[in-house]
Amino acid sequence: MLDTTHKHLILGAGFVGLSMAEALKSASIPYDQVDASDDIGGNWYHGVYETAHIISSRKITQFTHFPMPDNYPDFPSAQNIRDYLNSFADHFELRKNIELNRRVSYVRPVENNFWEVTFDNGEQRIYKGIIICNGHHWCKRFPKFSGEFDGEIIHSKDYKNPQQLRGKRVLVIGGGNSACDIASEAARVGAKSVLSMRESVWFIPKTFVGVPISDLTEWWMPQWFQRFTTYIIILLTFGKHKDYGLPEPKYRIFDKHPTLNNEVPYYIKHGRITYKPEVRHLDGKEVEFADGSRETFDLIVCATGFHLAYPFLSPELQRVKGATVKCYGGSFLEDYKGIYYIGWEQARGGAGSVLSAFAPIFTRFLKLQDEIKIPVGLALKKMGQQLPTTHLKDPQKIFWELKLVNLFFQRMAQKAHRIDSQYSQVENHPLPPLDSPKQKQRISSDQPSIVNETVHSNASHQNFSVTKTKL
């Protein structure tokens, strides 16, 4: 067995994992990094469709200390982002620490506050800590359907290029960015494009007066002001929802992940996209909607999101509630030290600038954890921090909070030491190995979030049945 007890292990080599690797390397913290794919890039490598572009601008998506090339457009393509992440890894010489095609099957705390990692080939290693950056765009969420469909049903993650839509009558379910992109693509190359939404969404234009809308937000703007200005921009750009035959959204702007899209309103006005409410029933090639109308389709694309999942963790470490991980400071548990949940929060804006601000501060907390016995999460709790109630984050608020943490970190560290002095030796509670029959049963039956969601499709050329069971 390799001696890795002095290292942390980073799970994932996507946008988040690479940023954490660069931060640990810069802070001289030893680490290994693994990824289940055969190349780096995470969702930008294995998950997005060929025609995808980022919805936030280049300016806020890039790492602050590693700008994207000047010849990149304001909204880089998926290929641009893949090239950029590869350049980032090469520039900071991160590849030598990355092991590809390495899938983790189980992570557990063991004696002396170490962490045992079991890989799918049976290999086991012991690490000082685990930094989880496995992403949240891979565990597909399907809606529950009544009836059966004689066409094809896929998830948006299975959509790769416009050829899958060409000449077909396409129903896209969802109101997020992927749903709108695919519905717009079907409007261009399909025979019919229908967008079904359970509730209407705020369509935010990607630019205003020639400037990416995300670049118009300044650090001093409170969220209420951002809401107000965005609403005005929507009115000036698109008008009201009733002008497109859409119901008014029932939530405030930014209370849900924003949908930045100019094309859906455009194609609705051109008769190339039709809006429908939620699906009520599947009947052969026909779909019945909540308003009683029926339409015929060849293909249904479920752009219905993803579950936040950590299938390699036992129930004791499953802190997911909905799309939120119940941890302090966005990463730290109060009852276990050495395990860190990174990247599950979704900032309303580009990842790179947020990660550039967060990662160096995270490494300071890692070093603080070496100095105190109690988990950093417990220290933060005792300082008055609250558990998160949502996965959505205002990036300007994140920047402001991180500036304060950076400014007052020494004071926080001193307080953490005082809190720590009130405790005797603190040890993680070891958990059973995966080869324990009882533990295998618990892992397979106690995963939250993902429960028996079934769609049926009985096309003449295939018999398609997807059942999403607990991981």
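Counting only helical runs of four or more DSSP H residues, what would the 222 nm mean residue ellipticity of the chain come to if each run contributes -39,500 (n - 2.57) and the total is spread over all its residues?
Helix-only estimate at 222 nm: -8500 deg cm²/dmol.
For segment 35-187, what class follows from the C-alpha gyration tensor (a ≥ b ≥ c being the square roots of its eigenvalues): rounded when a/c is under 1.5, otherwise prolate if a/b is larger than b/c, else oblate?
Judged from the Cα gyration tensor, segment 35-187 comes out oblate (a/c at least 1.5, b/c at or above a/b).
Between segment 219-280 and segment 301-315, how far is it from one alpha carbon centroid to the other, in angstrom?
One Cα centre to the other: 27 Å.
Taking just the C-alpha trace of segment 185-250, give me its Rg and Dmax in Å.
Considering segment 185-250 through its Cα atoms, Rg and Dmax are 14.6, 47 Å.
Shape call for segment 152-270 from the C-alpha gyration tensor, a ≥ b ≥ c root eigenvalues: rounded (a/c under 1.5), prolate (a/b greater than b/c) or oblate?
Note, shape of segment 152-270 comes out prolate.
Hey, if you drop one equal point scatterer on each alpha-carbon of segment 238-317 and run the Debye formula without solvent, what base-10 log of I(q)/I(0) do you get at q = 0.14, 0.16, 0.17 Å⁻¹?
-0.72, -0.87, -0.94
Solvent-accessible area per residue for segment 141-215 at a 1.4 Å probe radius, Å²?
For segment 141-215, the per-residue accessible area is 35 Å².
Could you give log10 I(q)/I(0) at q = 0.07, 0.09, 0.12 Å⁻¹ for the chain, computed by the Debye formula over C-alpha point scatterers of equal weight, without solvent?
-0.40, -0.66, -1.14
In percent, what relative contact order does the chain have, based on Cα pairs under 8 Å that are 6 or more apart in sequence?
21
Given just the C-alpha atoms of segment 229-279, how large is their convex hull per residue in cubic angstrom?
96
Roughly what angle does helix 15-26 make with the longest principal axis of the chain, taking Cα atoms, 0 to 90 degrees, to the nearest 10?
So the inclination is approximately 20 degrees.
In square angstrom, what is the accessible area per residue of segment 1-72 with a 1.4 angstrom probe?
On a per-residue basis, 41 Å².
Across every pair of different alpha-carbon atoms, what Kirkwood hydrodynamic radius in Å does segment 296-444 reach?
17.5
On a 0 to 90 degree scale, rounded to 10, what angle separates helix 78-91 from the longest Cα axis of the chain?
Between the helix axis and the principal axis of the chain, the angle is about 20 degrees.
For segment 245-355, with every protein chain kept in place, what is the accessible area per residue (1.4 Å probe, Å²)?
On a per-residue basis, 37 Å².
Please report, to one decimal in angstroms, the Kirkwood hydrodynamic radius of segment 59-140 built from all distinct Cα-Cα pairs.
Across segment 59-140, the inverse of the average 1/r is 15.9 Å.
For segment 390-437, what number results from the quotient of the Cα radius of gyration and 2.2 N^0.38 Å?
Computed over Cα atoms of segment 390-437, the ratio equals 1.90.
Whole Å is fine, so just give me how far the alpha carbon centre of segment 175-216 lies from that of segment 409-425.
A separation of 49 Å, based on Cα centres.
Treating only the Cα positions of segment 249-363 as identical point scatterers, give the base-10 log of I(q)/I(0) from the Debye formula at each q in 0.09, 0.10, 0.15, 0.16 Å⁻¹.
These q points yield log10 I(q)/I(0) values of -0.46, -0.56, -0.94, -0.99.
Rounded to two decimals, what is Rg over Rh for segment 1-95 when you use alpha-carbon atoms and the Kirkwood radius?
Computed over Cα atoms, the ratio is 1.01.
For the chain, which whole percent of the accessible surface, found with a 1.4 angstrom probe, sits on carbon and sulfur atoms?
Carbon and sulfur together cover 51 percent of it.
How many times 2.2 N^0.38 Å is the alpha carbon radius of gyration of segment 127-167?
1.87
What is the angle, in °, between the Cα long axis of helix 409-420 and the longest principal axis of the Cα atoms in the chain? Nearest 10 is fine, range 0 to 90.
With both axes taken from Cα atoms, the answer is about 60 degrees.
Name the GluC sites (Glu not before Pro) in segment 50-112 that are in a loop by DSSP and that have at most 16 other C-beta atoms within 10 Å, would you?
In loop regions of segment 50-112 (DSSP not H, G, I, E or B), the sparsely surrounded GluC sites (Glu not before Pro) are E50, E93.
The values are calculated or read from the model by the stated rules, or taken from the named source; none is laboratory data. Everything numeric in this text was worked out from a predicted model, so none of it was measured. Cβ atoms come from the backbone with ideal geometry, glycine included; neighbour counts cover every protein chain shown. Accessible surface areas use protein heavy atoms only, side chains included; no ligands, DNA or RNA. Shrake-Rupley method; radii C 1.70, N 1.55, O 1.52, S 1.80 Å.
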